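One structure is given below, encoded as structure tokens.
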Amino acid sequence: MASSTLVPLSVTPERALPGARLAVAGRHVPLPLEGMPHVLVGGADARVVAASSQHVRFVVPNDAPVGIQAVRIDGAMSTAAWIQIGRTVFSDV
């Protein structure tokens, strides 16, 4: 996997719960020869569901820490993007 600059790096949406699908946008996303890029959300491994040289779509891991967390792509020479992870407190109310 070649290193390259990822400019700009942004994540949408900026707030999510575990299990939500998000997208990182940038330029020159480093793509491995086989498989998908490796994405970390607050240090937790995210499941990547789609990737191109300009976008990576991933699922927020269930074990992602609550609060404002960094999103990083391995091999991308860039600062992290930031998202806010929440938790479901009540359901079926």
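The values are calculated or read from the model by the stated rules, or taken from the named source; none is laboratory data. Since we're looking at a predicted model, the values are computed, not measured. Note: ideal-geometry Cβ built from the backbone for every residue, glycine included; neighbour counts use all protein chains shown. Note: areas computed on protein heavy atoms with side chains; ligands, DNA, RNA excluded. Shrake-Rupley method; radii C 1.70, N 1.55, O 1.52, S 1.80 Å.
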>> Considering only residues that are closer than 13 Å to G43 by Cβ and in a loop (DSSP other than H, G, I, E, B), which ones fall in the range 67-93?
In response: D74, A80
>> Looking at the structure I just gave you, is A51 closer than 21 Å to R15 by Cα and touching a Pro at 6+ places or on another chain (Cβ under 8 Å)?
In response: yes
> If you scan the range 14-27, which residues turn out to be open to solvent by 20 Å² or more (accessible area, probe 1.4 Å) and touching a residue at least 40 places away in the same chain (Cβ under 8 Å)?
Replying inline: E14, R15, L17, P18, G19, A20
>> Return the residues of the range 40-91 that are modelled with pLDDT under 90, aliphatic (A, V, I, L, M) and open to solvent by 40 Å² or more (accessible area, probe 1.4 Å); say none if nothing qualifies.
In response: M77, V89
>> For the condition under 27 Å from S91 (Cα atoms), over 11 Å from the mean Cα position of the chain (by Cα) and not acidic (D, E), what is the one hit in V49, V66?
In response: V66
